[in-house]
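The values are calculated or read from the model by the stated rules, or taken from the named source; none is laboratory data. These numbers come from a predicted model, not from an experiment. Here the Cβ positions follow ideal geometry from the backbone for every residue, glycine too, while neighbour counts run over all protein chains shown.
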Amino acid sequence: MIVLSKLFEALGHTRSSLASAINIIKGRSVSAESMESLEAQLLAADIGIDTVDEILDVIKQYSKNDIESRIREYMISIMPECNYPKKVQKPTVIMMVGVNGTGKTTTTAKLASYYKQLDQNVMIVAADTYRAAGVEQLRVWSERVGTRLICNESTMEPSAVLFDGLHAARSSDTDVIIVDTAGRLHTYNNLMLELEKMERVVRNHFPDFFVSNLITMDASLGQNSLLQAKQFGTFISLDGAILTKLDGTAKGGIIFPLYKELKIPVLFIGVGEDIIDLEPFDPNEYLDGLLGSHDKSQA
């Protein structure tokens, strides 16, 4: 029985788009018309204009029968490495940030489950003080995962909730503290300054804690996600991204401009709705999902 990986399935739309693009020139003489058509298909996958230009340059250098392997070699050379440690330095604060609707709260729970499975002592801090439903959602998830939840529904000040949570983490020998923040539009300056304050609270009052700020990005938004990450990065340091909603889009190429232009590596991929549907980013597996692979399944 052949079982396709969830990542391979999630990248199906993008893979189909890229396959159509590569088939335009695969095994054929390269013409101006075919290159223009290929360029349009690659841009539609949100690979980014600079990366597309470089791929076209690669194609011009090699024979028509060698094109697919050369594209693969080039893509793997510009992808971020799989360098996020399975077990983080203790204690580590992971701040989850992003715009509304990117699946941030659910991803917070998935990340808690991921570290819980690695035998880490995990705490969730519900610092989204604007959405009571978000706190309730995390309460359900934390009970299911078996993690401690810190919240304070009597205050609207997220930095105060964060401060309380980190104090509790320090006294309970917690390994990983995952902080769910309110979703916010990157154009709302006051809310972005609030995030800046939260990061300052951690770094100034808990200097012995390691800090990792991760942005959740809806893959279906393509280049708009890039603009969001750029704006978030002007207020807080971004150490990585978690890509969500891959299964409904052909824009899985967004990882290339994200890393090339902003130096933000994708660290995790959301591959489904279940609590365990979060995978550490692996460049080879991701590229197999984008371009197809002879070893894309398990027996």
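Can you name the number of the only condition in (1) at pLDDT below 90; (2) assigned to a loop (DSSP other than H, G, I, E, B) that GLN120 fails? Single failed check for GLN120: (1). Given the structure, is ALA44 small (Gly, Ala, Ser) and within 24 Å of the chain's Cα centre (by Cα)? So ALA44 fits the description; yes. Somewhere in segment 204-218, is a residue without any contact (Cβ under 8 Å) to a residue 40 or more places away in the chain, under 28 Å from PRO257 (Cα atoms) and either of a type in the set (S, T, N, Q) or not in a helix (DSSP H, G or I) (or both)? No.
Would it be correct to say that ILE275 is at pLDDT 95 or above and either crowded, with 16+ Cβ neighbours inside 10 Å or not assigned by TED's automatic domain parsing to the domain that holds ASP128 (or both)? For ILE275, the condition - at pLDDT 95 or above and either crowded, with 16+ Cβ neighbours inside 10 Å or not assigned by TED's automatic domain parsing to the domain that holds ASP128 (or both) - is not met. For segment 52-73, the condition holds for no residue, the condition being that it is part of a loop (DSSP other than H, G, I, E, B) and modelled with pLDDT of 85 or more.
For GLY222, state whether it is in contact with a Lys or Arg (Cβ under 6 Å, 6 or more places away or on another chain) and either touching a residue at least 12 places away in the same chain (Cβ under 8 Å) or outside the structural domain of LEU118 (by TED's automatic domain parsing) (or both). So that I can check it myself, show each step before the final result.
Working: in contact with a Lys or Arg (Cβ under 6 Å, 6 or more places away or on another chain): yes; either touching a residue at least 12 places away in the same chain (Cβ under 8 Å) or outside the structural domain of LEU118 (by TED's automatic domain parsing) (or both): yes.
It is true that GLY222 is in contact with a Lys or Arg (Cβ under 6 Å, 6 or more places away or on another chain) and either touching a residue at least 12 places away in the same chain (Cβ under 8 Å) or outside the structural domain of LEU118 (by TED's automatic domain parsing) (or both).
When you look at PHE256, is it aromatic (Phe, Trp, Tyr), within 25 Å of TYR115 (Cα to Cα) and either more than 11 Å from the chain's Cα centre (by Cα) or at pLDDT 90 or above (or both), yes or no? No. Restricting attention to segment 124-147 and to residues that are of a type outside the set (A, V, I, L, M, F, W, C) and under 22 Å from the mean Cα position of the chain (by Cα), the residue that is nearest to ASP164 (Cα to Cα) turns out to be ASP128.
Here is a list: ILE242, ILE269, ILE255. Which entry is in contact (Cβ under 8 Å) with a residue 40 or more places away in the chain, part of a helix (DSSP H, G or I) and buried (at least 23 other Cβ atoms within 10 Å of the Cβ)?
On the way: ILE242 fails: part of a helix (DSSP H, G or I); ILE269 fails: part of a helix (DSSP H, G or I).
The unique qualifying residue is ILE255.
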